[in-house]
């Protein structure tokens, strides 16, 4: 059943940790939710690396990145940043820094990924090349699952070595806007956007990084992709509404966003650059998956060529595990426990060699691509299971949560531990 606000009372803002996972409830206007975020997570935000805040303040002020972001952020994001800054005075989180971080996905693409390619292509500069892109997602539904339900799995990866702040401070934000659908973000303290999330109408979203073919595919006008994902979680009651929204927005960078709807059992991978978009949607096979390169016919040749070996390897392993008929296929047998098994898979699809369970990042499998966090969603029942903590993450248990219970929704389904056979 889709979320209905009638008769529902938001849960008061508070914090309740589950092991290493910080769980915070936010409620009210954007400013109020930002303020609550800052108050409840002030100590964690103070743990942000000082060079990060110094760089955000310097670039935001002296290169005008904060003004650039302010003109392109959704108004509610600016208000939420204002509340966050007001609650964290004295620890370096200025409005300048907050705006830069709120638009961080675009700035990451510009300054860490695309411009270094330009400066290293014969211009005589040497400012370092970006690492291979990471992250994996897949959806199974209908004929692919044991019960026909839609399940969405995601691995958030970070190349080379784990980011200590992200490893130390995994956070689930239970967000209850006055004028929107209650939803959850999985993120870290100080950030007002999600990498992944689910709303009370059964919509889930997740982002994988991609890179454009060249700098001409970028734009200086448009929206942040992670802010667009936040907008979908707050407003979209169905996959159809999310798709319409995605088509209406101007973009600035390159990414892949998977949007799934557990109620209608529809899903799509949105392959994005500033100038064009391709959509691969869930078909009768009941499986849909993405790594970090474009696959749709309309987007061929638009992303960086050739794709990274890591992206090709993970895409091929998903094909082996998800598509029907192959010797390794789990098609028709997928449930949340099997979703976890797929996220934990350490087999190279080409060599069929298994990476040791202690490996963090060897670019050889789904589970050894620098995993920082993994999640499985059963969004029809508003359930999710999260693996986090110390690396290697795929060795850790998946802890269950019920968004329905966390929001005190009527007829909420309790979350059960995953059973492995």
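Quick one: which residue in 285, 329, 310 is at negative phi and outside any loop (DSSP other than H, G, I, E, B)?
Values: 285 fails: outside any loop (DSSP other than H, G, I, E, B); 329 fails: outside any loop (DSSP other than H, G, I, E, B).
Within the list 285, 329, 310, the selection yields 310.
With the requirement that a residue be within 15 Å of the chain's Cα centre (by Cα) and surrounded by 24 or more Cβ atoms within 10 Å (Cβ to Cβ), what does the stretch 173-186 give you? Before the answer, list the steps.
Residues of the stretch 173-186 within 15 Å of the chain's Cα centre (by Cα): 173, 183-186.
Those that are within 15 Å of the chain's Cα centre (by Cα) and surrounded by 24 or more Cβ atoms within 10 Å (Cβ to Cβ): 173, 183, 184, 185.
If you go through the stretch 325-332 one residue at a time, do you hit one that is crowded, with 24+ Cβ neighbours inside 10 Å and either closer than 24 Å to residue 240 by Cα or assigned by TED's automatic domain parsing to the domain that holds residue 145 (or both)?
Applying the first criterion (crowded, with 24+ Cβ neighbours inside 10 Å) to the stretch 325-332 yields none.
No, there is no match, as no residue in the stretch 325-332 is crowded, with 24+ Cβ neighbours inside 10 Å and either closer than 24 Å to residue 240 by Cα or assigned by TED's automatic domain parsing to the domain that holds residue 145 (or both).
From the list 175, 231, which residue is assigned to a strand (DSSP E or B) and modelled with pLDDT of 95 or more?
175
Taking the stretch 219-233 on its own, how many of its residues are over 22 Å from residue 258 (Cβ atoms) and buried (at least 20 other Cβ atoms within 10 Å of the Cβ)? Step through it out loud before you land on a result.
Here is the first cut: in the stretch 219-233, the residues over 22 Å from residue 258 (Cβ atoms) are 219-221.
Okay, now just the ones that are also buried (at least 20 other Cβ atoms within 10 Å of the Cβ), so none.
Result for the stretch 219-233: 0.
Identify all residues within the stretch 250-269 that are closer than 19 Å to residue 180 by Cα and surrounded by fewer than 24 Cβ atoms within 10 Å (Cβ to Cβ); write none if there are none.
If the condition is that a residue be closer than 19 Å to residue 180 by Cα and surrounded by fewer than 24 Cβ atoms within 10 Å (Cβ to Cβ), then 263 is the only one that fits.
Examine the stretch 238-248 for a residue that is within 22 Å of residue 178 (Cβ to Cβ) and either at pLDDT below 95 or not in a helix (DSSP H, G or I) (or both), and state whether such a residue exists. Don't jump to the end; show me each part of the working.
We begin by selecting, within the stretch 238-248, every residue within 22 Å of residue 178 (Cβ to Cβ); these are 238, 241-242, 245.
If we keep only those that are either at pLDDT below 95 or not in a helix (DSSP H, G or I) (or both) too, we end up with 238.
Within the stretch 238-248, one or more residues are within 22 Å of residue 178 (Cβ to Cβ) and either at pLDDT below 95 or not in a helix (DSSP H, G or I) (or both).
Quick one: which residue in 109, 32 is surrounded by fewer than 22 Cβ atoms within 10 Å (Cβ to Cβ) and either out of contact with any strand residue (DSSP E or B) (no Cβ under 6 Å at 6 or more places or on another chain) or not assigned by TED's automatic domain parsing to the domain that holds residue 386 (or both)?
On the way: 109 fails: surrounded by fewer than 22 Cβ atoms within 10 Å (Cβ to Cβ).
Result: 32 is the single residue among 109, 32 that is surrounded by fewer than 22 Cβ atoms within 10 Å (Cβ to Cβ) and either out of contact with any strand residue (DSSP E or B) (no Cβ under 6 Å at 6 or more places or on another chain) or not assigned by TED's automatic domain parsing to the domain that holds residue 386 (or both).
Test of understanding: among 92, 104, which residue is at pLDDT below 95, farther than 28 Å from residue 219 by Cα and assigned by TED's automatic domain parsing to the domain that holds residue 46? Quick ask: steps written out before the conclusion?
Details: 104 fails: farther than 28 Å from residue 219 by Cα.
Selected residue: 92, the only one of 92, 104 that is at pLDDT below 95, farther than 28 Å from residue 219 by Cα and assigned by TED's automatic domain parsing to the domain that holds residue 46.
Filtering the stretch 43-58 down to residues that are surrounded by fewer than 18 Cβ atoms within 10 Å (Cβ to Cβ) and not in a loop (DSSP other than H, G, I, E, B), which residue is farthest from the chain's Cα centre (by Cα)? So that I can check it myself, show each step before the final result.
So in the stretch 43-58, the residues surrounded by fewer than 18 Cβ atoms within 10 Å (Cβ to Cβ) come out as 43-44, 46-47, 49-52, 54-55, 58.
Filter once more, keeping what is not in a loop (DSSP other than H, G, I, E, B): 43-44, 50-52, 54-55, 58.
Values: 43: 24, 44: 20, 50: 25, 51: 24, 52: 21, 54: 25, 55: 24, 58: 27 Å.
Filtering first and then ranking leaves 58.
In a loop (DSSP other than H, G, I, E, B) and either at pLDDT 95 or above or crowded, with 16+ Cβ neighbours inside 10 Å (or both): does that describe residue 359? Walk me through it before giving the result.
Numbers: in a loop (DSSP other than H, G, I, E, B): yes; either at pLDDT 95 or above or crowded, with 16+ Cβ neighbours inside 10 Å (or both): yes.
Answer is yes for this residue.
The values are calculated or read from the model by the stated rules, or taken from the named source; none is laboratory data. What you see is a predicted model; the values in this text were computed from it and never measured. Using ideal geometry, Cβ is built from the backbone for each residue, glycine included, and neighbour counts are taken over all protein chains shown.
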